[in-house]
Amino acid sequence: MPTIRTDYEAMPWLPCTEMFGTAALYDGNPIIEAKTLTDRRADGGGISYLLRFRPPEGKLIKVVAVARSDEHIFNLGGGRATKAGQPVAASGGYSINPKGQPHSAMIAAETTALVIYTGEPDDVTSVEVLDIEQAPGDDR
C-alpha cells in the first residue's frame with residue numbers, strides 16, 4: 001500500500017456530524033468541526049481526524065461517549081475543563097480510550113486535537129452545551 005499524504009492546512013473545517021450529529025451545531029453555528037485526514041475503514045483500518053471544539057461564549061461543551069475502537073487523542077491546543085470552565089488538561093497531552101471504554105470531556109475554550117481511531121469512531125451518547133458554573137468563592 002502506498003503512503004497516504006494529506007495537506008490538512010488546505011482542507012476546510014466541516015461540522016463533525018458523522019460522530020456528533022446535529023449537536024455539532026449550536027444555534028446554526030458549527031461548534032464541533034473536523035478535518036478527516038484518512039479513512040481506511042473500508043480496508044479494515046481506522047480513521048483519523050483533526051477535531052476542533054469551539055464552545056459559545058460563557059458555555060462549555062460536554063461530550064459523553066463509548067470507544068468503539070482504541071481512540072488515541074493528542075491535544076494540540078486548548079484542553080478539557082471543569083464545570084466552572086477551569087482548565088484540567090492543557091495542550092500537549094496524550095490519552096487513550098481503549099475499545100469499550102465509556103468516557104467524557106468538558107471543553108470550555110477552543111480546543112484542537114489529533115484523534116486516531118484504530119477502527120470505528122466513538123459512539124457518542126450525548127452532547128450538551130451548558131452554562132459555565134460559578135466556582136465557589138468566585139464573585140463574578
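The values are calculated or read from the model by the stated rules, or taken from the named source; none is laboratory data. Small disclaimer: the values here were computed from a predicted structure and weren't measured. Don't worry about glycine lacking a Cβ; one is built from the backbone with ideal geometry, like all the others, and counts go over all protein chains shown. Calculation scope for accessible area: heavy atoms of the full protein, side chains included, ligands and nucleic acids excluded. Shrake-Rupley method; radii C 1.70, N 1.55, O 1.52, S 1.80 Å.
Once region 60-84 is narrowed to residues that are out of contact with any strand residue (DSSP E or B) (no Cβ under 6 Å at 6 or more places or on another chain) and more than 20 Å from Gly44 (Cα to Cα), the residue that is least open to solvent (accessible area, probe 1.4 Å) is Ala84. Just one of the listed residues (Val115, Val88) is of a type outside the set (Phe, Trp, Tyr) and either at pLDDT 95 or above or surrounded by 15 or more Cβ atoms within 10 Å (Cβ to Cβ) (or both), namely Val115. Filtered by the rule that a residue be of a type in the set (A, V, I, L, M) and out of contact with any Pro (no Cβ under 9 Å at 6 or more places or on another chain), region 55-82 gives Leu60, Val63, Ile73, Leu76. Please verify whether region 3-11 includes one or more residues that are surrounded by 16 or more Cβ atoms within 10 Å (Cβ to Cβ) and at negative phi. Taking every residue of region 3-11 in turn, none turns out to be surrounded by 16 or more Cβ atoms within 10 Å (Cβ to Cβ) and at negative phi. For region 2-33, residues that are under 22 Å from Gly58 (Cα atoms) and among the hydroxyl-bearing types (Ser, Thr, Tyr) total 2.
Restricting region 38-65 to residues that are under 11 Å from the mean Cα position of the chain (by Cα) and charged (D, E, K, R) leaves a set whose member that is farthest from Pro87 (Cα to Cα) is Arg52.
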